[in-house]
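The values are calculated or read from the model by the stated rules, or taken from the named source; none is laboratory data. Being a predicted model, the structure only gives us computed values, none of them experimental. Note that we place each Cβ from the backbone using ideal geometry, even for glycine, and neighbour counts take in every protein chain shown. Heavy atoms of the whole protein, side chains included, go into the accessibility calculation; ligands, DNA and RNA do not. Shrake-Rupley method; radii C 1.70, N 1.55, O 1.52, S 1.80 Å.
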Amino acid sequence: MLKLALRLFGHHRAAAVATGLVALVGMALVVAMTALLGTGLSGGTAPADRGFLTQFPLILGGWVVAIVVFAMVSTIGVTLAARSGEIGGLRLIGAAPRQIRVLVSMETLAITAVAALPGLGLGYLLGLLLLTGVRSAGLTAPSTSFAPGIVLPLVGVAVVLLAGVLAAWIGSRGPARRSPVEEESGPRRVRSARPRRIAAIVLLAVGFGSASAVLALPADSIATTGMTGPAVVLCSIGFAILAPELIAAANRIVGRLSRGAKNAEAHLAGVNLRAAPERARPIVTFLTLLVGVSAGTLAMQGIENQHSVAGSTAEVLASINYLVVVLISLFMAIALTNNLVAAIGDRRTEFATLSLIGSTVRQVRGVLLRETAAATLLAIVVAVVGSVVAVLPFSIVKTGSPAAAFGVWPFVGSAVFGGGVALAVTYVAGARVIRSAAVSGHRA
């Protein structure tokens, strides 16, 4: 089975690269957190610094692991969509759904294992840089040195390996169970979507519940930040999981508004989104998480900066939010880029067909950019609404008013960054694939 898994993945290098990059960056982040935890538990660490150097990586590490698992599930889902013919062929020759899922899990384990050594090295380096930054900010004593050991970083590697297998097992459930000879009926699609919707509802309920519980806490409690931060992450993941439902709802609204559109590119983009909404799913999924987490965390930071006591423990803890935003935003930007490039590459045949019927490269690129812009706008709106609702109780407790939760700059900055990444990647990758498809189409 392992030999077959490696052989099949060798024929899908784009899928291997996409999965490997997400695993590599995720592993570096997790190893960095375990390296800081090892430093906090080291005997040479100043006693006054141990509390911070253990609590910080445990809190942030939990967020990182959750986001890594979610990113890998989504990435594997995108790559498997391009392998539907291969999976259907395996089903036709007798492979059971469980065998398909085991095969995909072993493929993912092999790719993640390849990323283990470089991920371990990058994690050590990132952990050292984080400790240096924390020390330079005066949050730890100058005498505290980087002492991660080897056991905890290896535990971090093992966690990501297990997360990869779990993500593959979850992400391959739908493709493995899909019939290779029949179209899915409506009730079957509803049943297959039910576990995903239930998971999203649970995450949203826990997230908004954690955010609302802050109302019962005093304003100077560290728990206000400790509960609102995870609430923002959970709510963002919950909305990201609901990407197919969000896209379907948006398509119904946009379809009614754009029936009389005279622009051919806009019309075709709308038709594409309605006919194949799964193409927009990677953008909505990753952009919702990127913008939601970064906007919500930056909004929390702005409120904390304005209303915390200088030098307090709450202020020190809140200052870490900037680091959280940078790490998670970079990771999600890489995952978004990965999945966009893979999704655009899978449409090469479609672009070649459009070229053969007379569409120019500029027109096809215009259609693709409009599809991305529509998905980007949807993700930004949902992410901003979710983060505002999650931060509202925090604002009320800290300031006595919900007004601070509506600060413009955290949301504008996050939206510009996320939207800019999506559109830039679409423009660059789309131009390359469309030109290549046009040339091959005319040669054929």
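Tabulated data
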{"quantity": "Principal-axis tilt of helix 186-213 within the chain, Cα atoms, nearest 10 degrees", "calculated": "20"}
{"quantity": "Virtual spin-label span in nm between Glu278 and Gln306, 7 Å along Cα→Cβ", "calculated": "4.5"}
{"quantity": "Full-stretch length increase - Val428, Val385 - with 0.36 nm per residue and alpha-carbon distance subtracted", "calculated": "12.5 nm"}
{"quantity": "For peptides 372-381, 269-278, 27-36, sequence by mean Cβ density within 10 Å, most packed first", "calculated": "27-36, 372-381, 269-278"}
{"quantity": "Amide H partners (placed H, <5 Å) of Ala147, local residues excluded", "calculated": "Thr39"}
{"quantity": "Charge dipole magnitude, Cβ of K and R +1, D and E -1 - the chain, Cα centre, debye nearest 20", "calculated": "1680"}
{"quantity": "Crossing angle, helix 47-81 versus the chain [Cα axis fit, 0-90 degrees, rounded to tens]", "calculated": "10"}
{"quantity": "Estimated FRET transfer efficiency (Phe406, Leu117; beta-carbon r; R0 45 Å; 0.05)", "calculated": "0.45"}
{"quantity": "Förster radius 30 Å - calculated FRET efficiency between Ala223 and Ser145, Cβ distance, rounded to 0.05", "calculated": "0.45"}
{"quantity": "The chain: relative contact order in percent, alpha carbon pairs under 8 Å with at least 6 residues between", "calculated": "20"}
{"quantity": "Charge-dipole axis of the chain as Lys and Arg at +1 and Asp and Glu at -1 on Cβ define it, positive-most pick from Gly302, Val416, Ala96", "calculated": "Ala96"}
{"quantity": "Computed helical MRE - 222 nm, the chain, DSSP H runs ≥ 4 contributing -39500 (n - 2.57), nearest 500", "calculated": "-28500 deg cm²/dmol"}
{"quantity": "Accessible area per residue, Å², segment 324-444 with all protein chains present, probe 1.4 Å", "calculated": "43"}
{"quantity": "Over the chain, equivalent-ellipsoid semi-axes from the Cα gyration tensor in Å", "calculated": "39, 27, 20"}
{"quantity": "Label-to-label distance, nm, for residues given as Ala46 and Glu86 (7 Å Cα→Cβ offset)", "calculated": "5.4"}
{"quantity": "Using alpha-carbon coordinates, inclination of helix 116-136 to the longest axis of the chain, degrees", "calculated": "40"}
{"quantity": "Dipole of the chain, positive end: most advanced residue of Ser329, Ala16, Val397 [Cβ charges, Cα centre]", "calculated": "Ala16"}
{"quantity": "Fraction of accessible area attributable to carbon and sulfur, the chain (%, probe 1.4 Å)", "calculated": "68"}
